[in-house]
């Protein structure tokens, strides 16, 4: 049971207990139209604010794309909710906690889309919004047996459990937002699933609000499907995830069971699985959990030969099946719960092997051992990168520092010149430059080379701060420059001078 004292459905005369198909269709089409027009306005806007530029690594779209797609979705949701209040489907008082918290969490992500805030700042913002919503009366107080007798009073555990739920779902949605149409499509399936859960529970608020969000996502997806002309951005991903988390709490009224949350967890099977794989591989490799990489499920499908369209359809299909499996738990009053658990387990095991996260179950121990060896190697590389940052202060010229850096790069494995057995990695350095690194052409270890390159990102920025440029063998290119010819010669390295002793 979930106590939601401020979210009781309006039972006044003239308010429909359950909306009809016409009302739901009007909500869906109305917000879809608002979102579509708003998205189109952003795409046609001449401004360059909030643009996501390709980097040739993880961001492989052809030209800069706006990250402000969450704005039209937010506008559609708010206007739709206020319209329902004006039509007396709801009282504004009952919607204020959800609307205020969604606006605040959207603001956190939207500001990051305009100018990066950093992972810690965003996490603190999400936690603050979750605490505010908890203070306004939304809390998981009692967990009743979903399919039988008995209940557990959470006591002081109510606060951390509620905050965890409200923070985890937005980050799970944001984590999978790495391919055109993926997070938006998943969100639409999830919100329609929530609408059906509201129907089964006789909750008109959940039905209408979920359909409003589904319509807003539908209008946005018109421009977000491959090839995307606009991205959801952190603002849109946080708004979508927080809305799903908060509305799933609204779907369980006093006296009901926790089954509605089981439905959402199972429907989120693919994003949760992707998050689990990401946390596990980053922990083994010794990189920050919130760092980006190119090894999510959709990246793996593309490496297996899927086109973006086929990969999207495959993941949509799995999401749809899991949503139906989750709904079956409610329809069968828990009989399907063991089946749902088995489906998720088999999905995790099969995905780990098919997608290449596990090369062989019989040699899994060897694979983990090799990964830990690469982690120690990476820690050693990071130590050298930090030492080189100190060397910058003691070298009298960039030429002397370049000699040191070139020797370290040879030890790491980067080559000073391109060759037939190397491939290029580009790394942005501040707002002005990007460098080109040459590493062995080994696709299997591509992610490892990206991590090694990132270990030197701060070093390159310090070098630019000290001398205003970078060593010539790194091929530093101003970001605003016109594309350089493919066979352009690499400038020679200047003669190195001695470094001062500290």
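What are the residue pairs meeting all of these: first residue in the range 349-371, first residue on the phi > 0 side of the Ramachandran plot, second residue at pLDDT 85 or above and outside any loop (DSSP other than H, G, I, E, B), Cβ atoms under 9 Å, and 6 or more apart or on different chains?
Filtered contacts from the range 349-371: 356/300.
So that you can scan it fast, the table gives a plain yes or no per residue for (1) in a loop (DSSP other than H, G, I, E, B); (2) crowded, with 17+ Cβ neighbours inside 10 Å; (3) in contact (Cβ under 8 Å) with a residue 24 or more places away in the chain; (4) in contact with a strand residue (DSSP E or B) (Cβ under 9 Å, 6 or more places away or on another chain):
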residue: 276; (1), (2), (3), (4): no, no, yes, no
residue: 279; (1), (2), (3), (4): no, no, no, no
residue: 282; (1), (2), (3), (4): no, yes, no, no
residue: 288; (1), (2), (3), (4): yes, no, yes, no
residue: 295; (1), (2), (3), (4): yes, yes, yes, no
residue: 298; (1), (2), (3), (4): no, yes, yes, no
residue: 305; (1), (2), (3), (4): yes, no, no, no
residue: 311; (1), (2), (3), (4): no, yes, yes, no
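Yes/no per residue for (1) out of contact with any helix residue (DSSP H, G or I) (no Cβ under 6 Å at 6 or more places or on another chain); (2) surrounded by fewer than 23 Cβ atoms within 10 Å (Cβ to Cβ); (3) within 29 Å of residue 64 (Cβ to Cβ); (4) at pLDDT below 90:
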position: 197; (1), (2), (3), (4): no, no, no, yes
position: 217; (1), (2), (3), (4): no, no, yes, no
position: 226; (1), (2), (3), (4): no, yes, yes, yes
position: 230; (1), (2), (3), (4): no, no, yes, no
position: 236; (1), (2), (3), (4): no, no, yes, no
position: 240; (1), (2), (3), (4): no, no, yes, no
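Kindly establish whether residue 47 is at pLDDT below 85 and surrounded by fewer than 22 Cβ atoms within 10 Å (Cβ to Cβ). Steps first, please.
Numbers: at pLDDT below 85: yes; surrounded by fewer than 22 Cβ atoms within 10 Å (Cβ to Cβ): yes.
For residue 47, the condition - at pLDDT below 85 and surrounded by fewer than 22 Cβ atoms within 10 Å (Cβ to Cβ) - is met.
Could you tell me which numbered condition residue 55 fails, if it satisfies all but one of (1) modelled with pLDDT of 70 or more; (2) under 27 Å from the mean Cα position of the chain (by Cα)?
With respect to (1) modelled with pLDDT of 70 or more; (2) under 27 Å from the mean Cα position of the chain (by Cα), residue 55 is out only on (1).
Go through (1) at pLDDT below 80; (2) closer than 22 Å to residue 390 by Cβ one by one and return the number of the condition residue 406 breaks.
(1)
Working carefully through the options 188, 179, find the one that is assigned by TED's automatic domain parsing to the domain that holds residue 329, under 23 Å from residue 21 (Cβ atoms) and touching a residue at least 12 places away in the same chain (Cβ under 8 Å). Before the answer, list the steps.
Numbers: 179 fails: under 23 Å from residue 21 (Cβ atoms).
It is 188.
The values are calculated or read from the model by the stated rules, or taken from the named source; none is laboratory data. All figures in this text were calculated on a predicted structure; none of them were measured in a lab. Reconstructed Cβ throughout: ideal geometry from the backbone, glycine too, with neighbour counts over all protein chains shown.
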